[in-house]
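A quick write-up on the structure given underneath.
The values are calculated or read from the model by the stated rules, or taken from the named source; none is laboratory data. Please read all numbers here as calculations on a predicted model, not as lab measurements. For neighbour counting, all protein chains shown are included, and Cβ atoms are generated from backbone atoms with ideal geometry for every residue, glycine included. Ligands, DNA and RNA are stripped out before the accessible areas are found, and what is left, the full protein with its side chains, is counted by its heavy atoms. Shrake-Rupley method; radii C 1.70, N 1.55, O 1.52, S 1.80 Å.
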Amino acid sequence: MATIVDGYRRIKDELMKEAMGGAMTPEDLLQFQELMYRTNILETCMCLCKSAPVTLDVGVMGYHYKITDAYLMCLLKERCIGEPADEKKKAQRATALENLRQVIQDRRKRFSSFKAENQEQYKKEITGMFNTVLPVWIQYRDCYTEI
């Protein structure tokens, strides 16, 4: 996640220079907005990973998971701003959204009966979940604005 965020920041900085020079096109503006959005999502996901409790306390893990799960579910209902789409692009977006939905549902099922065997396991599993979901989410976002 961190390397993706770093790459997005570099592109954002380049676009910001264009904007300051008055050379930002509408396409650049779309890409800039998308970069800001993606960076925010990825930074929040990194925070959720880093803040995952190292414990066997079911209540503490459960509360963190509720926050994490709510955040992931919001990714399915997020903004749909991007380049105009023809029928082919609309179908591609629908397929990418369905793929994301399936990956998130699979991860939710895995956590529905989660029992940590050691204190580090929950944190490891949450990080693994994001490492699985986020590449699919990025593919979905690329259907709107490719970076």
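Annotations for the structure displayed:
- Members of region 55-79 that are touching a residue at least 24 places away in the same chain (Cβ under 8 Å), exposed (fewer than 12 other Cβ atoms within 10 Å of the Cβ) and in a helix (DSSP H, G or I): none
- Restricting attention to region 1-54 and to residues that are under 24 Å from residue 122 (Cα atoms) and more than 20 Å from the chain's Cα centre (by Cα), the residue that is most open to solvent (accessible area, probe 1.4 Å) turns out to be 54.
- Pairs with Cβ under 6 Å, 6+ apart, first in region 80-101 and part of a helix (DSSP H, G or I), second open to solvent by 80 Å² or more (accessible area, probe 1.4 Å): 96/139
- Search result, residues across region 115-147 that are farther than 27 Å from residue 32 by Cβ and either assigned to a helix (DSSP H, G or I) or touching a helix residue (DSSP H, G or I) at 6+ places or on another chain (Cβ under 7 Å) (or both): 116, 121, 122, 123, 124, 125, 126, 127, 128, 129, 132
- Residue check, residue 138 open to solvent by 70 Å² or more (accessible area, probe 1.4 Å), in contact (Cβ under 8 Å) with a residue 60 or more places away in the chain and hydrophobic (A, V, I, L, M, F, W, C): no
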